[in-house]
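Structure first, commentary second.
The values are calculated or read from the model by the stated rules, or taken from the named source; none is laboratory data. All figures in this text were calculated on a predicted structure; none of them were measured in a lab. Note that each Cβ is placed from the backbone with ideal geometry, even for glycine, and that neighbours are counted across all protein chains shown.
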Amino acid sequence: MLLEVIATTVQDAIVAEHYGADRIELITGIREGGLTPSLGLIEEVRAAVGIPVRVMIRPHARSFHYNDADVRTMLRDIRHIVSVGNLSLVMGMLTPDGAVDEELLKRLLDAAAGLTVTFHRAFDEVLDQFAALEALSRYPQITDILTSGGRPTAPEGAKRIAELERRTAAAASLSILAGSGLNADNLRDFIAQTAVNRVHFGSAVREQGDPLRPVDPVRLQAVRDILAF
């Protein structure tokens, strides 16, 4: 079972690694759903931890539709991240009609020079998640789809997540990463309902459940202990 934890600071990443995270999602703007962190933060986190780090590529929180200036910014960010080394990416982009923007996706994947990628919760805004899943499965660099099953929280979307997990179970390279609204109280039942083997945590493993507070060792350890069984 893979446990991914959001980090917004170097200390978040260090604590997350120490208390059982298998992977870091590195972002800023946690209340905006995650934005691209600074190059300095990326370099410091990469140097501070030994577990995998996936870096958010998202220039703003206005939408998942990007203009030419946004795309140039994303490409520059990706090239910088590639130059740091030993990192992966988190990205997502949609067309105005609610499908995966495959033209832009291909451009960003090419710039990523083989780095593995999580397609983020833009997936929860597509009109047809099963069609989007089929489209994303054509890109070997994409290893994870972060989703709440098209609902505000993953427990609410459990039925859809279970079906997405079933459809990806035979895939060699693509996995469902369930996130949003998971916590130590609902995690066991959620896993039983969905059979997912990758989960993503943010606010629920922070002090007082506050997204702006640091990662809480006690809360994170409680989640890790559940996943150990």
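Looking only at the range 169-191, which residues are assigned to a loop (DSSP other than H, G, I, E, B), closer than 26 Å to residue 141 by Cα and at pLDDT 95 or above?
Those that are assigned to a loop (DSSP other than H, G, I, E, B), closer than 26 Å to residue 141 by Cα and at pLDDT 95 or above: 174, 180.
Among the candidates 146, 104, 115, 109, which residue alone is assigned to a loop (DSSP other than H, G, I, E, B) and either in contact with a Pro (Cβ under 9 Å, 6 or more places away or on another chain) or touching a residue at least 24 places away in the same chain (Cβ under 8 Å) (or both)? If you could, list the steps in order and put the result at the bottom.
Values: 146 fails: assigned to a loop (DSSP other than H, G, I, E, B); 104 fails: assigned to a loop (DSSP other than H, G, I, E, B); 109 fails: assigned to a loop (DSSP other than H, G, I, E, B).
Testing whether each residue is assigned to a loop (DSSP other than H, G, I, E, B) and either in contact with a Pro (Cβ under 9 Å, 6 or more places away or on another chain) or touching a residue at least 24 places away in the same chain (Cβ under 8 Å) (or both) leaves just 115.
Filter the range 192-224 down to the residues that are in contact (Cβ under 8 Å) with a residue 40 or more places away in the chain, farther than 21 Å from residue 120 by Cβ and part of a helix (DSSP H, G or I) and list them by number.
Once the filter is applied, which keeps residues that are in contact (Cβ under 8 Å) with a residue 40 or more places away in the chain, farther than 21 Å from residue 120 by Cβ and part of a helix (DSSP H, G or I), the range 192-224 yields 217, 220, 221, 224.
Search the range 153-179 for residues that are of a type in the set (Lys, Arg) and pair each with any residue that is part of a strand (DSSP E or B) and at pLDDT 95 or above when their beta-carbon atoms are under 9 Å apart and the residues are at least 6 apart or on different chains.
160/147; 167/176
So which residues in the range 23-32 are part of a loop (DSSP other than H, G, I, E, B) and either surrounded by 17 or more Cβ atoms within 10 Å (Cβ to Cβ) or in contact with a Lys or Arg (Cβ under 7 Å, 6 or more places away or on another chain) (or both)?
Filtering the range 23-32 for residues part of a loop (DSSP other than H, G, I, E, B) gives 27, 29.
27, the sole residue that qualifies.
Can you pull out every residue in the range 178-198 that is at negative phi and out of contact with any helix residue (DSSP H, G or I) (no Cβ under 7 Å at 6 or more places or on another chain)? Step through it out loud before you land on a result.
First, pick out the residues of the range 178-198 that are at negative phi: 178-179, 182-194, 196-198.
Those that are at negative phi and out of contact with any helix residue (DSSP H, G or I) (no Cβ under 7 Å at 6 or more places or on another chain): 179, 185, 186, 189, 191, 192, 197, 198.
Out of everything in the range 156-168 that is under 19 Å from residue 204 (Cβ atoms) and within 17 Å of the chain's Cα centre (by Cα), what residue ends up being surrounded by the fewest Cβ atoms within 10 Å (Cβ to Cβ)? So that I can check it myself, show each step before the final result.
So the first thing to find is which residues in the range 156-168 are under 19 Å from residue 204 (Cβ atoms), and the list is 156-158, 161.
Checking the rest, the ones that are also within 17 Å of the chain's Cα centre (by Cα) come to 157, 161.
Numbers: 157: 23, 161: 27.
The extreme case among them is 157.
Being over 18 Å from residue 5 (Cα atoms), surrounded by 15 or more Cβ atoms within 10 Å (Cβ to Cβ) and not basic (Lys, Arg) is the requirement here; does residue 73 meet it?
Here the answer is yes, as residue 73 does meet what is asked.
In the range 33-58, what residues are under 18 Å from residue 214 (Cβ atoms) and part of a helix (DSSP H, G or I)? Even if it seems obvious, please write down each step before you answer.
Taking the range 33-58 first, the residues under 18 Å from residue 214 (Cβ atoms) are 34, 37, 41, 44-45, 48-49, 51, 53.
Result: 41, 44, 45, 48.
Among the residues in the range 3-21, are any part of a loop (DSSP other than H, G, I, E, B) and buried (at least 21 other Cβ atoms within 10 Å of the Cβ)?
The first filter runs over the range 3-21 and keeps only residues part of a loop (DSSP other than H, G, I, E, B), leaving 8-9, 19-21.
The next check asks that each one be buried (at least 21 other Cβ atoms within 10 Å of the Cβ); those that pass are 8, 21.
Yes, some residue in the range 3-21 is part of a loop (DSSP other than H, G, I, E, B) and buried (at least 21 other Cβ atoms within 10 Å of the Cβ).
Residue 189 is checked against (1) closer than 21 Å to residue 147 by Cβ; (2) within 21 Å of the chain's Cα centre (by Cα) and fails just one. What number does that condition carry?
Exception for residue 189: condition (2).
Kindly indicate which of 215, 196 is at pLDDT 95 or above, among the β-branched types (Val, Ile, Thr), under 23 Å from residue 145 (Cβ atoms) and surrounded by 18 or more Cβ atoms within 10 Å (Cβ to Cβ). First the steps, then the outcome.
Details: 215 fails: under 23 Å from residue 145 (Cβ atoms).
Result: 196 is the single residue among 215, 196 that is at pLDDT 95 or above, among the β-branched types (Val, Ile, Thr), under 23 Å from residue 145 (Cβ atoms) and surrounded by 18 or more Cβ atoms within 10 Å (Cβ to Cβ).
Can you tell which of 171, 204 is farther than 21 Å from residue 32 by Cβ, under 19 Å from the mean Cα position of the chain (by Cα) and of a type outside the set (Lys, Arg)?
171
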